[in-house]
Amino acid sequence: MTRERIVAAALVIIDEEGVDGLSMRRIAARLGVQAMSLYNHVRSKADILDGVTEYITDRMRMPTRMSGGWEEGVRTLSHTFREAALRHPRAGELALTRQLSTPTALAPVDTMLAMLLDHGFDEATAVHVLRLFVSFQVGSLLREIHTAPPPQDHGQERDRAEVERARTAYFAEAGFPAVAKVAPILAVNDHDAEFAFGVELLIGALRTLAPARGTTSKDAS
């Protein structure tokens, strides 16, 4: 029995049932031990959740410093975060929303802040951008993993085209003019495209706050 085995078992449970399905007793049952024996290796359920967060974050493989411009840095970090989170969607949600309380979890935060500071953003703006970035990631991930079909599609197996046709009809006939006008577009859930659109919108907004080209943290100080 090791902390790593306990965290691995917890990750499997979270992947299957979400964080609400996790308990010390469930972890112990999966490992074939008594629940009390877990406390020889972990302090609490919160400690295990920290371990899961560390596991997800560590596999993001963030560099200590980003090369290139800040725009490309934001793109790279955004897509790297998303890809890592989607490998374990329910645990990825946890990693993005849990309070940052371990060195491993803080590593990608430091990468993001360092990239912004190195390109001349002031300290307050860098923190605001970080929090906006996290909020965007959390919102996008939650929508992607929890998006439900309209009522008439529950419990039915249909291919994507059929689902989109049903959704288009649902929106078109719902009695809301604006919804009906964009029904064919609203019916399609292309999460990759939506995420990329959001990232570029974020970058465009940040350009209004960015220091002059060529300005570095040394210049700004």
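The values are calculated or read from the model by the stated rules, or taken from the named source; none is laboratory data. Note that this is a predicted model, so its numbers are computed, not measured. Positions of Cβ are generated from backbone atoms using ideal geometry, with glycine treated the same way; all protein chains shown enter the neighbour counts. Areas reflect the complete protein model, heavy atoms only, side chains present, ligands, DNA and RNA absent. Shrake-Rupley method; radii C 1.70, N 1.55, O 1.52, S 1.80 Å.
To the nearest 0.05, how large is the calculated FRET efficiency for residue 197 and residue 3 if R₀ is 30 Å and r is the Cβ-Cβ distance?
The computed FRET efficiency comes out at 0.15.
Please identify the longest segment of the chain free of exposed GluC sites (Glu not before Pro), where exposed means a DSSP state other than H, G, I, E or B and no more than 16 other Cβ atoms within 10 Å.
For GluC sites (Glu not before Pro) (loop position, at most 16 other Cβ atoms within 10 Å), the longest site-free span of the chain is 1-156.
Can you classify the range 39-82 as rounded, prolate or oblate using the Cα gyration tensor, where a ≥ b ≥ c are the square roots of its eigenvalues, rounded means a/c under 1.5, and otherwise it's prolate if a/b beats b/c and oblate if not?
Prolate shape, in that a/c is at least 1.5 and a/b is the bigger ratio.
With springs only between Cα atoms under 10 Å, which of 52, 182, 129 fluctuates most in a Gaussian network model of the chain?
182
Taking 7 Å along the Cα-to-C-beta vector as the label spot, tell me the residue 40-residue 208 distance in nanometres, rounded to one decimal.
So the label points at residue 40 and residue 208 sit 6.0 nm apart.
In Å³ and rounded to a whole number, note down the convex hull volume per residue for the Cα atoms of the range 1-143.
Per residue, the Cα convex hull of the range 1-143 comes to 101 Å³.
Just grab the label-to-label distance for residue 160 and residue 15, each label 7 Å out from Cα along the Cβ direction, in nm (one decimal).
Result for the modelled spin labels: 2.3 nm.
Given Cβ point charges of +1 (Lys, Arg) and -1 (Asp, Glu) and nothing else, what value in debye, to the nearest 20, does the dipole of the chain about its Cα centre take?
460 debye
Stretched out fully, how many nm does the piece from residue 179 to residue 58 gain, at 0.36 nm a residue minus the Cα gap?
Value of the extension gain: 39.4 nm.
Per residue of the chain, what 222 nm ellipticity follows from adding -39500 (n - 2.57) for every DSSP H run with n ≥ 4, rounded to the nearest 500?
It comes out at -21000 deg cm²/dmol, rounded to the nearest 500.
Of the accessible area of the chain, with the probe set at 1.4 angstrom, what percent is carbon plus sulfur?
55 percent
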